[in-house]
Amino acid sequence: MYLRWFGFVPEKNPTDCVGITFSAMRTQVEELKELQVPPRAEACLRLGEEPPVHMLRFLRAANLKGEEERARATSNAYALNSMVSVRNERAVLRALADKGKKRLKAFPTSDEEDMMALQKGVDVWGVKVTHNRELAIRVRLSEKRILRELVRVTADALEKTRSPQNARKAVEELEAKNKPADVKFLNNKEDVPVYEIGAGIKEKSRSRTAQRDSSEPGSSRKTEL
C-alpha cells in the first residue's frame, strides 16, 4: 500500500496485503447462486486480519457435503457466516492453507536470497538492485510473511481439530450458542477450537512482535499490530 500510494516501503509495513482469490468450478455455480453466494471471492489479506466474511461464506458454500450440511447452510440468511460443521470448517482451513502454500511456491526467490540482494545490492540473477528493485523486494518479503502466517495458523487449526474429542467440543459449543452469526472462525487458545482465524493470527502476531521488539536494543515497550 505504501509503495502504491506513497512510493516508499517502511521496514515494518502493517498495511501491506496479499491478494487472494477463490473461484467456483462450473458445476458449483448454480448451487452457489441458490445460496446467494457469488461464484468468486477475492480479498487483500493483511497480517493479523482474518479472511473477510464474504470469502469464508464462499469457501463454506463451495465445500458443502451431504444433506445435513446443506440444511444447516440454508437454515437462515446468515448461516454461512459461521461454522456449518467441523468437517466443512476443516475443508475451509485446508483451502486457505493450500492457497497460501501455492502462492509461496510461486515466488521466484527465497527470503534468504531477497535479504542477500538487499545487503549486497545485487540480486540472484546478477542484476543491480536499484531503488525500484529494492522496493519490490521489500514488498515481496512482506507478502511472504503474510502468507507464511496464514499457512501456519491454518495448519495449527487443522491439527487442533483433528482430535475427535476436540471436534465434539466444537459441535457442542456451536450448538450451545445457537447463534450462527455470533460463532466466528477458529480459536487458538488452549486445546479447544473456537473458530476465529483472525484471533489466532492477531494473538500470535502480537506475541511474536512483542518478543522481537522487546529483544531489540533500546526497546522500551511492546508493539501491537
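What follows draws every value from the coordinates through simple rules; no lab data is involved. Being a predicted model, the structure only gives us computed values, none of them experimental. Using ideal geometry, Cβ is built from the backbone for each residue, glycine included, and neighbour counts are taken over all protein chains shown.
Measuring nothing but how far apart in sequence close Cα pairs (under 8 Å, 6+ apart) lie, relative to its length, region 1-157 scores a relative contact order of 24 percent. Expressed as a whole number of Å, what is the distance separating the alpha-carbon centroids of region 72-93 and region 116-156? So the separation of the two Cα centres works out to 36 Å.
The listed peptides 60-68, 116-124, 33-41, 92-100, ordered by packing as a protection proxy, come out as 92-100, 60-68, 33-41, 116-124 (highest mean of other Cβ atoms within 10 Å first).
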